[in-house]
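First the structure, in the form of structure tokens, and then the observations on it.
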Amino acid sequence: MAIEVRIPTILRDYTDGEKAVQGSGATIAELFADLDTSHPGIKARLVEDGGTLRRFVNVYLNDEDVRFLSGVDTELTDGDSVTILPAVAGGMR
Amino acid sequence: MLTISQELRDRIITHARADHPDEACGVVAGPAGTDRPERFVPMLNAARSPTFYEFDSGDLLRLYREMDDRDEEPVVIYHSHTATEAYPSRTDISYANEPGAHYVLVSTAECGNDEGPVSFRSFRIVEGEVTEEEVRVV
């Protein structure tokens with residue numbers, strides 16, 4: 001099952017500079033595990049030790065933020081596109 | 001050094017004053033690889049907060065898709081501090097994920113919503129390291 005994953009600039013160190021890579025998995029969690037085998041270290045940048053999505057990482061399935069779907073348990077279908085974008089955020093403290 | 005037009009600088013400041021006391025935020029996109037800020041994209045602060053800002057996640061996806069389609073980069077990422085100086089906070093540093101961008105901070109602590117003194121400063125934030133840079137207005 002091929003899923004295209006779009007990688008943000010900050011994580012392209014893990015993908016030899018590639019803007020998009022292919023992965024596979026029936027869910028976001030499985031996809032991240034698969035990505036981590038071909039791009040070791042990337043998973044830890046996306047999820048906490050417990051497996052939940054990091055607060056300031058946005059993951060989209062096609063056009064939808066997976067937080068509004070089922071988070072890392074969101075199911076994937078062949079041909080889906082997943083986009084990873086770090087939040088743009090900050091504050092005075 | 002950040003080189004930016006007077007018009008874009010003024011638009012950032014106008015946005016910051018209008019949203020005071022909440023933090024204002026946005027991007028100035030430019031052609032990839034040129035370091036030229038050209039297209040002003042004010043963003044909604046989804047946090048609507050005087051102490052925090054965050055781009056709405058749907059808006060963020062649309063923005064990055066649009067920049068991708070136009071072969072642009074976020075040359076400037078700006079936000080305002082409304083009660084403190086125009087210097088990156090610990091939070092700003094920990095969430096700074098665009099090492100190629102100029103992080104512009106505007107402080108509206110003195111001027112509020114009105115005309116009046118405003119500070120406009122630019123920084124590079126790379127791997128937690130903050131470096132202030134000169135701003136050249138052209």
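The values are calculated or read from the model by the stated rules, or taken from the named source; none is laboratory data. Predicted model only: the values in this text are computed from it and were never measured. Positions of Cβ are generated from backbone atoms using ideal geometry, with glycine treated the same way; all protein chains shown enter the neighbour counts. Note: accessible area is taken over every heavy atom of the protein model, side chains too, but ligands, DNA and RNA are not part of it. Shrake-Rupley method; radii C 1.70, N 1.55, O 1.52, S 1.80 Å.
See the values below:
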quantity: Considering residues of the stretch A:35-68 that are part of a strand (DSSP E or B) and aliphatic (A, V, I, L, M) only, the residue nearest to the chain's Cα centre (by Cα); calculated: A:V59
quantity: Residue match in the stretch A:69-82 (condition: under 10 Å from the mean Cα position of the chain (by Cα) and not in a strand (DSSP E or B)); calculated: yes
quantity: Residue pairs meeting the criteria (Cβ under 7 Å; at least 6 apart or on separate chains; first within 14 Å of chain B (Cβ to nearest Cβ), in the stretch A:55-79; second assigned to a loop (DSSP other than H, G, I, E, B) and charged (D, E, K, R)); calculated: A:L61/A:D80; A:N62/A:D80
quantity: When residues of the stretch B:61-88 are limited to those that are at the interface with another protein chain (Cβ under 10 Å from one of its Cβ atoms) and free of Cβ contacts under 8 Å to residues at least 12 places away in the same chain, the one most open to solvent (accessible area, probe 1.4 Å); calculated: B:R62
quantity: Residue satisfying all of: in the stretch B:89-111; more than 9 Å from chain A (Cβ to nearest Cβ) and either without any contact (Cβ under 8 Å) to a residue 24 or more places away in the chain or of a type in the set (S, T, N, Q) (or both); most open to solvent (accessible area, probe 1.4 Å) among these; calculated: B:E110
quantity: Boolean, B:A29 is open to solvent by less than 40 Å² (accessible area, probe 1.4 Å), in a loop (DSSP other than H, G, I, E, B) and under 20 Å from B:P99 (Cα atoms); calculated: no
quantity: Cβ-Cβ under 6 Å pairs, at least 6 apart or on other chains, the stretch A:17-34 side under 13 Å from A:E75 (Cβ atoms) and in contact (Cβ under 8 Å) with a residue 24 or more places away in the chain, far side in a helix (DSSP H, G or I) and of a type outside the set (K, R); calculated: A:G25/A:L31; A:G25/A:D34; A:T27/A:D73; A:I28/A:V66; A:I28/A:V72; A:A29/A:V72
